[in-house]
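For reference, the structure is listed below as C-alpha cells.
Values quoted throughout were computed directly from the atomic coordinates according to the rules given, and no laboratory measurement underlies them. Being a predicted model, the structure only gives us computed values, none of them experimental. Cβ placement follows ideal geometry from the backbone for every residue including glycine, while neighbour counts extend to all protein chains displayed.
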Amino acid sequence: MRLEFERGPYQVSIAHDGEEGLRFLREHDDVDLVLLDVNLPARSGLDLLAEARADPRLSRVPFIVLTAAGQSATAERAGALGAAGFVTKPFSPRKLLRQVAAILGDDAAGGTPA
C-alpha cells in the first residue's frame with residue numbers, strides 16, 4: 001500500500017504502533033491525513049484517534065480508519081470520534097487512494113499521509 005501512495009503525489013510516514021504514531025503526530029505539524037489501523041500494538045487505533053481529537057493541534061487532521069470486516073461497533077465508534085472515513089479490510093488500494101484524494105481535495109496534493 002505504501003508504494004501505491006508514493007507513486008502518487010504523497011509522502012508517506014509509517015508508525016509501527018499507537019505510541020509511535022501519536023508521538024509522530026505531536027512532533028510534526030505538517031500531517032495532512034492519517035490512515036489508522038484499529039489493531040495497533042501499544043495503543044489501539046481508536047484510542048489514538050480519541051487522544052488526537054482531544055488535542056487542539058491534532059483535531060483538524062482527518063483520519064481514515066482501517067479494520068477487519070464485521071466490526072460495525074468499531075465503525076460506529078470511529079465515526080463518533082470524528083473519523084473522516086472508514087475502510088474495511090481487505091480493500092482495493094486504488095479505492096483507498098480515491099478516498100484519500102476526495103478527503104484532501106486537489107489543493108492538498110503532495111501532503112503527508114502518516
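Using a 7 Å offset from the Cα along the Cα-to-Cβ direction at both T88 and H16, what is the distance between the two label points in nm, to one decimal?
Roughly 3.2 nm, to one decimal.
Could you work out the longest stretch of the chain that avoids the trypsin sites (Lys or Arg not before Pro) located in DSSP loops with at most 13 other Cβ atoms within 10 Å?
1-56
To the nearest 20 debye, what charge dipole does the chain have about its Cα centre, counting +1 at the Cβ of each Lys and Arg and -1 at the Cβ of each Asp and Glu?
Using only the charged Cβ atoms, the result is roughly 360 debye.
Tabulate in residue order the Karplus-calculated ³J(HN,Hα) for the stretch 85-95, using 6.51 cos²θ - 1.76 cosθ + 1.60 with θ = phi - 60°, rounded to whole Hz; enter x for Gly and Pro.
x, 9, 10, 9, 7, x, 9, 7, x, 5, 5
Based on the Cβ-Cβ distance of E6 and E27, what FRET efficiency does E = 1/(1 + (r/R0)^6) give at R0 = 22 Å, to the nearest 0.05?
0.55
As a test of the formula, what do you get for the chain when each DSSP H run with n ≥ 4 contributes -39,500 (n - 2.57) and the sum is divided by the residue count, at 222 nm and rounded to the nearest 500 deg cm²/dmol?
-12000 deg cm²/dmol
Counting alpha carbon pairs within less than 8 Å and at least 6 residues apart, what relative contact order, in whole percent, applies to the stretch 2-108?
After rounding, I find 24 percent.
Sort out for me the Cα centre separation of the stretch 19-36 from the stretch 37-91, rounded to whole Å.
Distance between centres, Cα-based: 13 Å.
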